[in-house]
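The next block holds one structure in the form of structure tokens; read it before the comments.
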Amino acid sequence: MRFSLYGLVLLAGTASSFTTTTPLFGRKLSSLNSASPKAPVFDEVCDTVGVTLTRFMSEVAILNPELSELTTLFGAIDTACKAITNLVKRSQLPQSETLGYEGVVNIQGEDQKKLDVITNDVLKRALRFTGKFGVLASEEEDAPVDLDLADQSETLFSDGEKYVAVFDPLDGSSNVDAGCPTGTIIGIYEHDDSCEIDGDCIGDECLEQEARCLANTLQPGTRLVAAAYCLYSSSTFFTITLGTGVYMFTLDDQIGEFILSKPNIKIPEESSIISFNEANIDNWDAPMKETVYKWRNGTGKSGKKFSSRYIGAMVGDVHRTLLYGGVFGYPGDKKNVNGKLRLLYEGAPMSFIMEQAGGLSTTGTERVMEIVPEIVHQRVPMIMGSKNDVQEVIDAYAAAK
């Protein structure tokens, strides 16, 4: 295997340190040392294989031992995303039993697709066997669950594990039957050591302890340790941030590995693309509606006429927005005052990625990353994308006040 000798700086800033303007790795890691984590430099890169996600995470862990457990964690997520890729690809085959509805309605009143349930189980099992998680929250679960339980239908909590996972196992699953892009969204928080359930507790005692553990999942996006998404489309993409830039990997089917394809992604500061369900425009808040009308007519701050690109699946729309710039959103309207997107396992992780790429994410009046969830399945209006364009929305809401 031939190596070419060239430097590939994978993480933002200099070769010896990260730079960031946001809290780096959450409450606990920030206290481990005052210096910023070190960035790996790959002076030797295999021409045939390139830099795999496994090597990327290993180098980060070598330089930053406090992050070593993330290597195991993302190894499991890597495998789960590969398994889900195959499930989605094969779902169209006549012998596949993954299409259609499960016949069950989830906590949000939505009919569950068979693939929703299957992919949720794939991720739960993958995360469970890392031994690094205490609690997870998913779009397909009524409430947070303990990964150590044999009977996953129960809602309990374990103690002593390091991380909390929140995820949407198959975003855009309503598009699967049509072969449109779908994705997985994952956010990782630190597990609070105060979460302990006494096996001998009785009645209200148990409820109080469980409520304290539930708070592990109800953390604002500013406390995320890491966030990632997998996009299942023409290629399978794995995009990750650890709080210091955004890195995109593409699955090489021939070797079965995610290969670094776009290091340190930066979204253009302004663009001329909007990605909304514009059929709802007449029901939006006045500031949002007026801003989009101006963009359509070319009378906004940039003076550009905006064009529409809308897939209808958050991962696909955000992925394109990251690469080409523009604005993606699902604002609140008269029918859905808080929009349709869930804060905990859709809004916060994707906002973390967007901000780390140099973009903004807002409800119009609040930074999405700073909202503390009150319930697991809380919805919030959401607009994210190129900094200057999203700022125009923020200014419009401020002026309306």
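The values are calculated or read from the model by the stated rules, or taken from the named source; none is laboratory data. None of the values given here were measured: they were computed from a predicted structure. No Cβ is skipped: glycine too gets one built from the backbone with ideal geometry, and neighbour counts run over all protein chains shown.
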Next on the checklist: With the requirement that a residue be under 17 Å from F276 (Cα atoms), touching a residue at least 40 places away in the same chain (Cβ under 8 Å) and in a loop (DSSP other than H, G, I, E, B), what does segment 360-401 give you?
Outcome noted: G364, V380, P381, S386
Checklist entry - Can you name the condition, by its number, that T244 falls short on among (1) of a type in the set (S, T, N, Q); (2) more than 30 Å from T299 (Cα to Cα); (3) surrounded by fewer than 18 Cβ atoms within 10 Å (Cβ to Cβ)? => result (3)
Checklist entry - Which of the residues spanning segment 294-319 are in contact (Cβ under 8 Å) with a residue 12 or more places away in the chain and among the hydroxyl-bearing types (S, T, Y)? => result S302, S307, S308, Y310
Item to check | Single unsatisfied condition, M288 versus (1) surrounded by 20 or more Cβ atoms within 10 Å (Cβ to Cβ); (2) more than 20 Å from the chain's Cα centre (by Cα); (3) not assigned by TED's automatic domain parsing to the domain that holds T299 | outcome: (3)
Checklist entry - Out of curiosity, is Y293 outside the structural domain of D78 (by TED's automatic domain parsing), within 26 Å of the chain's Cα centre (by Cα) and over 20 Å from L341 (Cα atoms)? => result no
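Each row is one residue, and each column tells you yes or no for (1) part of a helix (DSSP H, G or I); (2) modelled with pLDDT of 85 or more; (3) out of contact with any Leu (no Cβ under 8 Å at 6 or more places or on another chain).
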| site | (1), (2), (3) |
| --- | --- |
| V164 | no, no, no |
| L170 | no, yes, no |
| T184 | no, yes, no |
| D192 | no, no, yes |
| E196 | no, no, yes |
| E210 | yes, no, no |
| C213 | yes, no, yes |
Checklist outcome for this item: D389 meets each of (1) surrounded by 19 or more Cβ atoms within 10 Å (Cβ to Cβ); (2) acidic (D, E); (3) modelled with pLDDT under 95 with one exception, condition (3)
Checklist entry - Is at least one residue of segment 290-305 touching a strand residue (DSSP E or B) at 6+ places or on another chain (Cβ under 8 Å), part of a loop (DSSP other than H, G, I, E, B) and at pLDDT below 95? => result no
Checklist entry - Can you name the strands (runs of 3 or more DSSP E) wholly within segment 25-138 that have at least 1 residues being modelled with pLDDT of 65 or more, within 25 Å of F249 (Cβ to Cβ) and in contact with a Phe, Trp or Tyr (Cβ under 7 Å, 6 or more places away or on another chain)? => result 133-138
Item to check | Residue list for segment 314-342, restricted to those being touching a Ser or Thr at 6+ places or on another chain (Cβ under 9 Å) and either in a strand (DSSP E or B) or buried (at least 23 other Cβ atoms within 10 Å of the Cβ) (or both) | outcome: V315, G316, D317, V318, H319, T321, L322, G326, V327, F328, G329, P331
Item to check | Selection within segment 273-284 - touching a helix residue (DSSP H, G or I) at 6+ places or on another chain (Cβ under 8 Å) and touching a residue at least 40 places away in the same chain (Cβ under 8 Å) | outcome: I273, I274, S275, F276, W284
